[in-house]
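Working notes, structure below.
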Number of protein chains: 2
Amino acid sequence: MTTATDLLALDAAAQDLLFRTARTANAFTDEPVTDEQLRAILELVKWGPTAMNSQPLRIIAVRSPEARERLVANMAEGNKAKTAAAPLTLIVAADAAFHEHLPVVFPIKEGARDALEASPGRPAMARLNTAIQLGYLIVGIRAAGLAAGPMGGFDAAGVKRDFLAGTDQEAIAVVNIGRPGPDAWHDRLPRLEHDQVVTTV
Amino acid sequence: MTTATDLLALDAAAQDLLFRTARTANAFTDEPVTDEQLRAILELVKWGPTAMNSQPLRIIAVRSPEARERLVANMAEGNKAKTAAAPLTLIVAADAAFHEHLPVVFPIKEGARDALEASPGRPAMARLNTAIQLGYLIVGIRAAGLAAGPMGGFDAAGVKRDFLAGTDQEAIAVVNIGRPGPDAWHDRLPRLEHDQVVTTV
């Protein structure tokens, strides 16, 4: 681990904060997560690159008791209690209508909006780039000193109906955010070995 | 920007290194990117979370002149020259056979491998989680003081044929890595406004 650290420009404390000691939390304290904190996180991670600067990630910040109840009803059984108790929960959605913004966010390629409008690959491009941005977002939540609890176990059709009706958006994850509470995580699970991941040709 | 920084635990220099001053590079110096650097990057970002600890991201590190030539032939016209000139290029692939590792990496859910084996959603789950890991990887490349040049413009079928034949892997991106060279990037493109991304309910 020392060797690895020496090869990185990022200082060891930041490495720990973002990756090494950071953990997916399943329990949180009561400390609120404010709109200002969420804004600070997004102001940082918005700079992460996406294909054609497409930025298809959209967020529904679920705050009101009524909205939270609607969301919890759509969560898988094992995710209900922790989602009901989290200080803040985000629905992370991929916006297949991202191309409408291209004339502003990607002006360097004329006709990009119209080419994407006609492309059957647009929803898949939205999902892929939203997932890349979700990676940045999880790092950003940790950069704020908070713990993220990303979850894939929810009724996507129900979330679409209850939160995203009338849009081109599709939920790809639900993420709890807060300070980790007592017994917030299980033992760390093993990672694949380097040679199981990387092949050099 | 000062306000934002104050709300984050990550120090400002690290914020700049990873997000604010970091840029997608289109030109690189001749300085090599070593296997040890790549290993250090992956040893850091491997800790980022994935659904069911699935870790479907696989990397083909394209080093030999022959392999590089094969890859360049599959790149879109505008990506050929920079890929040919980059110190190191990675093919980032999603492994739909990730479930074979679940008995080791996700032992807490018995039967997970078999349930996924039978699931038609497995390739989509692989793509989604690989893209999340690609987000971590881009952050990790920057953490090493290097610039990343992720690209979606390539012949995916050709890359499959030439690099991933006989596997369940599918390329989702190609990423150049190196120190940024002269005129490595264009002007920064605009990001969406906060209210275009976030809705609070």
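FYI, it's all coordinate maths here, none of it is from the lab. Every value quoted in this text rests on a predicted model; they were computed, and no experiment measured them. Every residue, glycine as well, gets a Cβ built from its backbone with ideal geometry; the counts of neighbours run over all protein chains shown.
Name the single residue that is farthest from the other protein chains (Cβ to nearest Cβ) among those in region A:25-58 being among the polar types (S, T, N, Q) and in contact (Cβ under 8 Å) with a residue 12 or more places away in the chain.
Of region A:25-58, the ones among the polar types (S, T, N, Q) are A:26, A:29, A:34, A:37, A:50, A:53-55.
Adding the requirement that they be in contact (Cβ under 8 Å) with a residue 12 or more places away in the chain leaves A:26, A:29, A:37, A:50, A:53-55.
Numbers: A:Asn26: 12, A:Thr29: 16, A:Gln37: 5, A:Thr50: 9, A:Asn53: 4, A:Ser54: 10, A:Gln55: 5 Å.
Ranking the qualifying residues of region A:25-58, first place goes to A:Thr29.
Restricting attention to region B:161-178, does a residue exist that is among the polar types (S, T, N, Q) and loosely packed, with under 14 Cβ neighbours inside 10 Å? Can you show your working first?
Residues of region B:161-178 that are among the polar types (S, T, N, Q), as a first pass: B:167, B:169, B:176.
Adding the requirement that they be loosely packed, with under 14 Cβ neighbours inside 10 Å leaves none.
No, region B:161-178 contains no residue that is among the polar types (S, T, N, Q) and loosely packed, with under 14 Cβ neighbours inside 10 Å.
Rundown of residues vs (1) in contact with a Phe, Trp or Tyr (Cβ under 6 Å, 6 or more places away or on another chain); (2) among the aromatic types (Phe, Trp, Tyr); (3) without any contact (Cβ under 8 Å) to a residue 24 or more places away in the chain, yes/no style:
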position: A:Thr89; (1), (2), (3): no, no, no
position: A:Val92; (1), (2), (3): no, no, no
position: A:Ala96; (1), (2), (3): no, no, no
position: A:Val104; (1), (2), (3): no, no, yes
position: A:Lys109; (1), (2), (3): no, no, no
position: A:Ala112; (1), (2), (3): yes, no, no
position: A:Ala118; (1), (2), (3): no, no, yes
position: A:Arg122; (1), (2), (3): no, no, no
position: A:Ala147; (1), (2), (3): no, no, no
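Any chance region A:2-20 includes a residue that's without any contact (Cβ under 8 Å) to a residue 40 or more places away in the chain and either under 30 Å from A:Ile108 (Cα atoms) or in contact with a Pro (Cβ under 7 Å, 6 or more places away or on another chain) (or both)?
no
Just wondering, is there one or more residues in region A:145-153 that are more than 8 Å from chain B (Cβ to nearest Cβ), surrounded by fewer than 20 Cβ atoms within 10 Å (Cβ to Cβ), small (Gly, Ala, Ser) and out of contact with any helix residue (DSSP H, G or I) (no Cβ under 9 Å at 6 or more places or on another chain)?
Looking for residues that are more than 8 Å from chain B (Cβ to nearest Cβ), surrounded by fewer than 20 Cβ atoms within 10 Å (Cβ to Cβ), small (Gly, Ala, Ser) and out of contact with any helix residue (DSSP H, G or I) (no Cβ under 9 Å at 6 or more places or on another chain), one finds none in region A:145-153, hence no.
Please find, among A:Ala93, A:Ala61, A:Ala67, A:Ala22, the residue that is buried (at least 22 other Cβ atoms within 10 Å of the Cβ), small (Gly, Ala, Ser) and within 8 Å of chain B (Cβ to nearest Cβ). Break it down into steps so the answer makes sense when it comes.
Values: A:Ala93 fails: within 8 Å of chain B (Cβ to nearest Cβ); A:Ala61 fails: buried (at least 22 other Cβ atoms within 10 Å of the Cβ); A:Ala67 fails: buried (at least 22 other Cβ atoms within 10 Å of the Cβ).
Within the list A:Ala93, A:Ala61, A:Ala67, A:Ala22, the selection yields A:Ala22.
Take the residues of region B:154-191 that are touching a Ser or Thr at 6+ places or on another chain (Cβ under 6 Å) and more than 25 Å from A:Thr130 (Cα to Cα): which is nearest to the other protein chains (Cβ to nearest Cβ)? Even if it seems obvious, please write down each step before you answer.
Of all residues in region B:154-191, those touching a Ser or Thr at 6+ places or on another chain (Cβ under 6 Å) come to B:172, B:176, B:179, B:181.
Those left that are additionally more than 25 Å from A:Thr130 (Cα to Cα): B:179, B:181.
Working: B:Arg179: 11, B:Gly181: 18 Å.
The extreme case among them is B:Arg179.
Can you pull out the residues in region B:26-53 that are of a type in the set (S, T, N, Q) and either surrounded by fewer than 21 Cβ atoms within 10 Å (Cβ to Cβ) or out of contact with any strand residue (DSSP E or B) (no Cβ under 9 Å at 6 or more places or on another chain) (or both)?
Filtering region B:26-53 for residues of a type in the set (S, T, N, Q) gives B:26, B:29, B:34, B:37, B:50, B:53.
Result: B:Thr29, B:Thr34, B:Gln37, B:Asn53.
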